[in-house]
Amino acid sequence: NAGVTQTPKFRILKIGQSMTLQCTQDMNHNYMYWYRQDPGMGLKLIYYSVGAGITDKGEVPNGYNVSRSTTEDFPLRLELAAPSQTSVYFCASTHGSRGAFFGQGTRLTVV
Amino acid sequence: ILNVEQSPQSLHVQEGDSTNFTCSFPSSNFYALHWYRWETAKSPEALFVMTLNGDEKKKGRISATLNTKEGYSYLYIKGSQPEDSATYLCAFGGANNLFFGTGTRLTVIP
């Protein structure tokens, strides 16, 4: 049982480039989330999904897009990378009253 | 955007001391309150999920209480050990989403 798998672990992007952060969970969880962690700022919710085909914006959605075509996958897309998107990104999933399971994080630097 | 506040921001205690932190959250539209332990270079791990006013949860030396009417939760660590050093996050759960506080960074000095 792998839990939540995030790829890549590290990435350096140039300003204006695009990329997709992958997130897969094998626990059949309905709820999935993307967070970013900036120094001293805790975890900010970017987007979340309550099930396949349903997504919604969180606190800081600008510059990002998501899709949820299956229960397992919840990719996060950066279309035009900006230095302000330099951060550590975490994907998480939950089901019912259990706590969230987190991926290992993606450290993204935009230069 | 929900305001989930944690205090203190950081804390240093001596090994063997007991300590506690606070999480404040909106008292309306409450669904669940989560506590997580987050070690450096790792991912957050769930400690407790509490849903009912007056809930108390315990795991070893760590326990938590919940007051949904006034919008706060306390996390207690009894007899702190160096391995308890981590950032402790609380998260407010609405029906569909999960908003985190900025955490309390605990350092236990041997």
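Structure summary
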read-out: Unique match (being surrounded by 14 or more Cβ atoms within 10 Å (Cβ to Cβ) and more than 10 Å from the chain's Cα centre (by Cα)) among B:Ser80, B:Ser73; value: B:Ser80
read-out: Any hit, the stretch B:51-60, residues being at pLDDT 95 or above, more than 9 Å from chain A (Cβ to nearest Cβ) and either farther than 20 Å from A:Arg98 by Cα or surrounded by 15 or more Cβ atoms within 10 Å (Cβ to Cβ) (or both); value: yes
read-out: When residues of the stretch A:37-48 are limited to those that are at the interface with chain B (Cβ under 9 Å from one of its Cβ atoms) and without any contact (Cβ under 8 Å) to a residue 40 or more places away in the chain, the one surrounded by the fewest Cβ atoms within 10 Å (Cβ to Cβ); value: A:Gly40
read-out: Residue within the stretch B:15-31 that is surrounded by fewer than 18 Cβ atoms within 10 Å (Cβ to Cβ), within 25 Å of A:Asn30 (Cα to Cα), at pLDDT below 95 and touching a strand residue (DSSP E or B) at 6+ places or on another chain (Cβ under 6 Å) present; value: yes
read-out: Selection from the stretch B:91-104 of residues that are facing chain A (nearest Cβ under 10 Å) and part of a strand (DSSP E or B); value: B:Ala91, B:Gly93, B:Leu98, B:Phe99, B:Phe100
read-out: Residue match in the stretch A:63-71 (condition: touching a residue at least 40 places away in the same chain (Cβ under 8 Å), surrounded by 15 or more Cβ atoms within 10 Å (Cβ to Cβ) and at positive phi); value: no
read-out: Matching strands (runs of 3 or more DSSP E) fully within the stretch A:49-111 where at least 2 residues are of a type in the set (Ser, Thr, Tyr); value: A:87-94, A:106-110
read-out: Residues located in the stretch A:73-100, provided they are surrounded by 20 or more Cβ atoms within 10 Å (Cβ to Cβ) and at the interface with chain B (Cβ under 9 Å from one of its Cβ atoms); value: A:Phe90, A:Ala92, A:Thr94, A:Gly99, A:Ala100
read-out: Within the stretch A:11-52, tally of residues that are at pLDDT 95 or above and on the phi > 0 side of the Ramachandran plot; value: 1
read-out: Matching entry among B:Ser80, B:Ser63, B:Ser43, B:Ser73 (being free of Cβ contacts under 8 Å to residues at least 12 places away in the same chain, polar (S, T, N, Q) and not in a helix (DSSP H, G or I)); value: B:Ser43
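The values are calculated or read from the model by the stated rules, or taken from the named source; none is laboratory data. The model shown is predicted, which means the values in this text are computed figures rather than measured ones. With ideal geometry, Cβ positions are generated from the backbone for all residues, glycine too; neighbour counts draw on all protein chains shown.
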